[in-house]
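Just below is one structure, and these are the notes that go with it.
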Amino acid sequence: MHGAGHFTKMVHNGIEYGMMQAYGEGFEIIKNSGYDVDLSRLSKVWNNGGVVRSWLLELAERAFDEEGDALENIRGYVEDSGEGRWTVMEAIAQSVPAPVITLSLMARFVSRQQESFSAQVAAALRNQFGGHAVRTADAIESQVAAESYKSVAPSTPAAPATPIAVSSEQASEAVMDRTMQAEHAGSQASDPGQVVKDIQGTAQGIYKTDGKKG
């Protein structure tokens, strides 16, 4: 570090990581809600006196305006230039809890992974100790194929989310079976709109399952 100016600039950029992550998460919740929201216009509204107004939100408005709400031409691969890492390292050195900045940095690492080995290990362990179903590579490819239809399929409003609760191993497996069936349909069906409805119906079925979590 070369004085207070460099140090505060480092922390400034660490804060920026957290703000960007929060905006991204908020917009994704809205995008997946089933409501037809113009994200560019929403950004402008929020920036007109909203508590979350900022220059970053002005940039979000511009990005949605130029790229479209779906950001289809932009992959969610987020690099970092080091300031977030340095901020987290300084927080650790000073024993200062900085969970938002730290997790926003970790989220960038996650964005660069094609597959998470730690998640694979967790899935394998759940299968070993509880017989919980696992997703195979073929099933994931089928899901990707089904998801690709969404850009051309008619929009169908999603059901409001309610707490997910699965009471038993049998119920958990039933939920997984419905999900797998919807994914398989995505690779076989000729009607993209029906594929999307099937997947959304599966999600609604998951939300309506009663009992405790598996």
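Conditions tested, residue by residue: (1) assigned to a loop (DSSP other than H, G, I, E, B); (2) of a type in the set (S, T, N, Q); (3) open to solvent by 50 Å² or more (accessible area, probe 1.4 Å).
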| residue | (1), (2), (3) |
| --- | --- |
| Met10 | no, no, no |
| Asn13 | no, yes, no |
| Tyr17 | no, no, no |
| Ala22 | no, no, yes |
| Ile29 | no, no, yes |
| Ala70 | yes, no, yes |
| Arg85 | no, no, yes |
Exercise for the section: Consider only pairs whose beta carbons are under 7 Å apart and that are at least six residues apart or on different chains; among these, list those whose first residue lies in the stretch 118-139 and is exposed (fewer than 10 other Cβ atoms within 10 Å of the Cβ) and whose second residue is hydroxyl-bearing (Ser, Thr, Tyr). Expected result: none
Problem - All positions within the stretch 88-108 that are under 16 Å from Ala22 (Cβ atoms) and assigned to a helix (DSSP H, G or I) - result: Pro99, Val100, Ile101, Thr102, Leu103, Ser104, Leu105, Met106, Ala107, Arg108
Problem - In the stretch 46-55, the residues that are surrounded by 13 or more Cβ atoms within 10 Å (Cβ to Cβ) and of a type in the set (A, V, I, L, M, F, W, C) - result: Trp46, Val52
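The values are calculated or read from the model by the stated rules, or taken from the named source; none is laboratory data. In this text, all values refer to a predicted model and were calculated from it rather than measured experimentally. Here the Cβ is made from the backbone with ideal geometry for all residues, glycine too, and neighbour counts use every protein chain on show. With ligands, DNA and RNA removed, areas are computed over all heavy atoms of the protein, side chains included. Shrake-Rupley method; radii C 1.70, N 1.55, O 1.52, S 1.80 Å.
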